[in-house]
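Colleague: One structure follows; several queries about it will come next.
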Amino acid sequence: MKIRLFLLALCLNVITVGSWAQECASAQRIVVGFSPGGGADALARILAERLSVRTGRPVIVDNRVGAAGNIASSYVAKSPPDGCTLMLTGSHHNLNPLIFARAGYQASDFSPVINVVEQPAVLVTGSSQLLQSVAQIVAYAKANPGKLSYSSSGIGSPNHIAMELFLKAAKIDMVHVPYKGAGPALADAIGGAVALSVGSAAAVQPHIASGRLKAVAQSLPKRSPLLPDVPTFAEVGYPTASTSNWIGIVAPAATPLAIRQKINNDVRAVTQEVEVRSRFATLGFAAVASSIDEFDAFLKDDERVSVRLMQDLKLKVD
């Protein structure tokens, strides 16, 4: 009896995956909520290119820009759960429904497929600043509450959230100066208008290399291979400040597991290619390539952290 049930389930899986391949024969889409030319878009195009080669099926990138990624999320949440429309999402995935009164989706509207890459948020200071370590920053902030300022790429951005986790862990207070993008946020740290800034590895690396900024800590639990000489927040005494700027793929809720597993297998194979990993690194990303179960557990933990932090910060956008 058990053998017959197993064979029946196996046949249903084959039929499901086979019909999915037929339905997506014209093209499979990876929806991105941000403009062409950015890091997420570049990552999606690398995946689309290599998946097209691997599967023999066209895979295209569909940019649906606006509302901090909410337009894309709302669109994919309402798409058929057939594996033909996927979404490349990131750290805003769990945050936006908590921040925006009308985000247009809930995290439960999606099923996990794969966590593709990650990069740390990096705390940097201008090279001319006297504060050049986390210990010095914390000591000064405790002696001068509210006197230090830091910049980020915007309220509720992953880098802003990473910094708030650190401030909470260190029990210090700083003035947040949000900008519309990483470029101006880092420029003002270089120029001295703000004492500190927090940005993605990709955004800060050129300025670190030029000596205009100094990295004092990174947010991943373990040092990123992209920044092997920069200590983590955990290493300098603040493990609860550990977080990841991640980018993964999700599908509409109720997308069959067999279909999601096939996509997971294909993406994992692509991320093992030496050329792909090299191209990821130039964008500031390190490959993760998780299993579905690993990504599911990661998303649930990320949501718990997001809920607690939003309750503390009381961030809300109408």
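Colleague: Please report, ordered by residue number, the helices (runs of 4 or more DSSP H) entirely within region 203-318 with at least 3 residues that are within 29 Å of A169 (Cα to Cα).
Modeller: Values: elements: 257-271, 274-282, 292-313.
In region 203-318, 292-313 are the helices (runs of 4 or more DSSP H) which contain 3 or more residues that are within 29 Å of A169 (Cα to Cα).
Colleague: Follow-up. So if I check each of A182, A203, which one is free of Cβ contacts under 8 Å to residues at least 60 places away in the same chain, buried (at least 18 other Cβ atoms within 10 Å of the Cβ) and under 18 Å from the mean Cα position of the chain (by Cα)? Spell out the reasoning first.
Modeller: On the way: A203 fails: free of Cβ contacts under 8 Å to residues at least 60 places away in the same chain.
Only one candidate passes the filter, namely A182.
Colleague: Considering only region 49-60, state which residues are farther than 17 Å from G248 by Cβ and not in a loop (DSSP other than H, G, I, E, B).
Modeller: E49, S52, V53, R54, T55, I60 - these are the residues of region 49-60 that are farther than 17 Å from G248 by Cβ and not in a loop (DSSP other than H, G, I, E, B).
Colleague: Based on this model, can you work out whether F280 counts as surrounded by 19 or more Cβ atoms within 10 Å (Cβ to Cβ) and at pLDDT below 95? Write out each step before concluding.
Modeller: Details: surrounded by 19 or more Cβ atoms within 10 Å (Cβ to Cβ): yes; at pLDDT below 95: yes.
When the stated conditions are applied, F280 passes them.
Colleague: Which number in (1) crowded, with 16+ Cβ neighbours inside 10 Å; (2) at pLDDT below 95 marks the one condition that N264 misses?
Modeller: (2)
Colleague: Taking the condition among the hydrophobic types (A, V, I, L, M, F, W, C) and under 24 Å from Q218 (Cα atoms), does A67 pass?
Modeller: Details: among the hydrophobic types (A, V, I, L, M, F, W, C): yes; under 24 Å from Q218 (Cα atoms): no.
Here the answer is no, as A67 does not meet what is asked.
Table: residues versus (1) touching a helix residue (DSSP H, G or I) at 6+ places or on another chain (Cβ under 7 Å); (2) modelled with pLDDT of 95 or more.
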residue	(1), (2)
Q22	no, no
L47	yes, yes
G56	no, no
K78	no, yes
T85	yes, yes
N94	yes, no
A101	no, no
A107	yes, no
N115	yes, yes
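Colleague: Quick check, is R212 basic (K, R), over 28 Å from H93 (Cβ atoms) and surrounded by 16 or more Cβ atoms within 10 Å (Cβ to Cβ)? Break it down into steps so the answer makes sense when it comes.
Modeller: Details: basic (K, R): yes; over 28 Å from H93 (Cβ atoms): yes; surrounded by 16 or more Cβ atoms within 10 Å (Cβ to Cβ): yes.
So R212 passes the test.
Colleague: Of all residues in region 119-135, which are closer than 15 Å to T232 by Cα and surrounded by fewer than 24 Cβ atoms within 10 Å (Cβ to Cβ)? Explain how you work it out, then say what you get.
Modeller: We begin by selecting, within region 119-135, every residue closer than 15 Å to T232 by Cα; these are 119-124, 132-135.
If the condition is that a residue be closer than 15 Å to T232 by Cα and surrounded by fewer than 24 Cβ atoms within 10 Å (Cβ to Cβ), then Q132, S133, V134, A135 are the ones that fit.
Colleague: Can you tell which of V270, V274, V250 is under 16 Å from the mean Cα position of the chain (by Cα), in the same structural domain as D293 (by TED's automatic domain parsing) and of a type in the set (V, I, T)?
Modeller: V250
Colleague: Looking at (1) crowded, with 24+ Cβ neighbours inside 10 Å; (2) over 27 Å from H207 (Cβ atoms), can you tell me which one L95 breaks?
Modeller: Result: L95 passes all but (2).
Colleague: Do you know which of the residues in region 45-70 that are of a type in the set (A, V, I, L, M) and over 17 Å from the mean Cα position of the chain (by Cα) is surrounded by the fewest Cβ atoms within 10 Å (Cβ to Cβ)? Talk me through it step by step, then tell me what you get.
Modeller: Looking only at region 45-70, we keep the residues that are of a type in the set (A, V, I, L, M), and these are 46-48, 51, 53, 59-61, 65, 67-68.
Cutting the leftovers down to over 17 Å from the mean Cα position of the chain (by Cα) gives us 48, 51, 53, 59-61.
On the way: A48: 22, L51: 20, V53: 11, V59: 22, I60: 14, V61: 20.
Here the residue is V53.
The values are calculated or read from the model by the stated rules, or taken from the named source; none is laboratory data. What you see is a predicted model; the values in this text were computed from it and never measured. Here the Cβ is made from the backbone with ideal geometry for all residues, glycine too, and neighbour counts use every protein chain on show.
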